[in-house]
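Below is one structure, written out as structure tokens, with a few remarks after it.
The values are calculated or read from the model by the stated rules, or taken from the named source; none is laboratory data. In this text, all values refer to a predicted model and were calculated from it rather than measured experimentally. Reconstructed Cβ throughout: ideal geometry from the backbone, glycine too, with neighbour counts over all protein chains shown. Just so you know, the surface numbers come from the protein's heavy atoms only, side chains and all, with ligands and any DNA or RNA stripped out. Shrake-Rupley method; radii C 1.70, N 1.55, O 1.52, S 1.80 Å.
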Amino acid sequence: MSKDAVAHTSVRPATREKREQILKAAVEIFGNKGSTNGTLADVAEQVGITHAGVLHHFGSKQKLLLEVLAYRDQADVAELAEKHIPGGPELFLHLVRTAVANERRPGIVQAYTVLSSESVTDNHPGRDYFEDRYTTLRREVTDAFHLLCAQEGVTEPDTVATAAASILAVMDGLQLQWLLHRDVFDLGEASEFAIRSIVNGVLHPGPALESYRRD
């Protein structure tokens, strides 16, 4: 092995560690200040390197922002053997486990919540990421509902697409509430209740809300 190859191999762990430090700092900075007000200088200062040092590892603020989002996704599947969210009915349990795990990583949750909200603004660098993310997750949750309905012998209802979107919406909405009032409710418990309610609403739909109205 050449000296250059040896040097390249020896620097990889240090490079990975530094990138990890930068990503963790960026999660905190973007979570606290947003992607517009949070600067590369802020990230660099927290890590103890220069602005140029951050650019050396990530190239630009936009690339760092996208890497932060990818880092968040990797955290969701870090403990899974296949490093990918499961399919079928197991997906619903995975979503609950993710909510429980999120209670232990408020920084990532805050960064995700801030960046997802900002992504609806014009020319936001994360917009494509979030559009693709929701499209993919809606499809995967819809597929999980199809398999669950078949497993339970339920004739596929026309509420599946709405239910898939509702599960994603309620999870993100609960995260926002939890960030504002962490001492009011348990994120994992509330997410499990909501997901279970939506799943049961598809499998065993009850009466319409109007039926509870008093005349």
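Assorted remarks:
- Zone of Leu66's modelled label, taken as backbone nitrogen in segment 104-141 under 15 Å from a point 7 Å along Cα→Cβ: 123-133
- Highest-MSF residue in the chain out of Thr113, Thr142, Thr155 [GNM, Cα springs under 10 Å]: Thr155
- Crossing angle, helix 90-102 versus the chain [Cα axis fit, 0-90 degrees, rounded to tens]: 50
- Calculated [222 nm] ellipticity per residue, helices only, for the chain: -25000 deg cm²/dmol; basis is -39500 (n - 2.57) per DSSP H run with n ≥ 4, divided by all residues, nearest 500.
- Assigned charges on the beta-carbon of Lys, Arg, Asp, Glu; the chain dipole about Cα centre (debye): 740
- Amide N of segment 113-129 lying under 13 Å from the label point, which is placed 7 angstrom from the Cα of Thr135 along Cα→Cβ: 127-129
- Nonpolar atom fraction for segment 74-183, defined as the carbon and sulfur part of the 1.4 Å probe accessible area, stands at 54 percent.
- Excluding same-chain neighbours fewer than eight residues apart, the aspartates and glutamates reachable from Lys18 by a Cα-Cα span under 19 Å are Glu28, Asp42, Glu45, Glu67.
- Here r is the Cβ-Cβ distance between Ala14 and Leu180 and R0 is 35 Å; the resulting FRET efficiency, rounded to 0.05, is 0.35.
- Helix 160-180 vs. the chain, principal-axis angle (Cα, 0 to 90°, nearest 10): 60
- Gyration tensor (alpha-carbon) shape descriptor, segment 100-161, a/c threshold 1.5: oblate
- With the largest listed first and rounded to whole Å, the semi-axes of the equivalent ellipsoid of the chain from the Cα gyration tensor are 39, 21, 15.
- Most mobile of Gly201, Gly53, Gly153 in a GNM of the chain (Cα contacts under 10 Å): Gly153
- Helix 127-152 and the longest principal axis of the C-alpha atoms of the chain enclose an angle of approximately 40°.
- Unit Cα scatterers, Debye sum, segment 5-74: log10 I(q)/I(0) for q = 0.25 Å⁻¹: -1.11
- Gyration tensor verdict on segment 159-214 (Cα atoms; rounded if a/c is under 1.5, prolate if a/b is larger than b/c, oblate otherwise): prolate
- Above 22 Å, the calculated P(r) of segment 61-167 contains 39 percent of its Cα-Cα pairs.
- Comparing Phe30, Phe92, Phe193 in a Gaussian network model of the chain, where Cα atoms under 10 Å apart are tied by springs, the biggest mean-square fluctuation is seen for Phe193.
- Charge tally in the Cβ shell below 14 Å around Leu174, where Lys, Arg are +1 and Asp, Glu are -1, Leu174 excluded: -3
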